[in-house]
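Nothing in this text is a laboratory measurement; each read-out follows from the coordinates by a stated rule. If you're wondering where the values come from, they're calculated on a predicted model, not measured in any experiment. Cβ sites come from the backbone with ideal geometry, for glycine too, and all protein chains shown count toward neighbours.
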Amino acid sequence: MISYNVAGLLREPPGAMRDVRLRDRYVTLGADVELAGPLDADLRLLRTNRGILLRGSIRAPLRRSCARCTDAYV
């Protein structure tokens, strides 16, 4: 899980934006998903009249197992 403090953005008027870059983050996603390396993300947070809208892209290599032979691959 990744958390980011948005308190300052919530005090801004609608239309305010913040660009957030996350590099080399190691996170735990769940019991059935294992990362094979760090997570990288480029995010844009936009203050709206109802809250915050987050848009962006997240990249991370996943370690998976073949359903047929059970060999691991990335």
Can you pull out the trypsin sites (Lys or Arg not before Pro) in the chain that DSSP calls coil and that have at most 10 other Cβ atoms within 10 Å? 11, 50, 68
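With an 8 Å cut-off on Cα pairs and a minimum separation of 6 or more residues, tell me the relative contact order of the chain in percent.
Working: 131 pairs, mean separation 19.9, N = 74.
Dividing the mean separation by the residue count of the chain yields 27 percent.
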Evaluated at q = 0.13, 0.15, 0.32 Å⁻¹: base-10 log I(q)/I(0), Debye formula over Cα of the range 14-65: -0.42, -0.53, -1.15
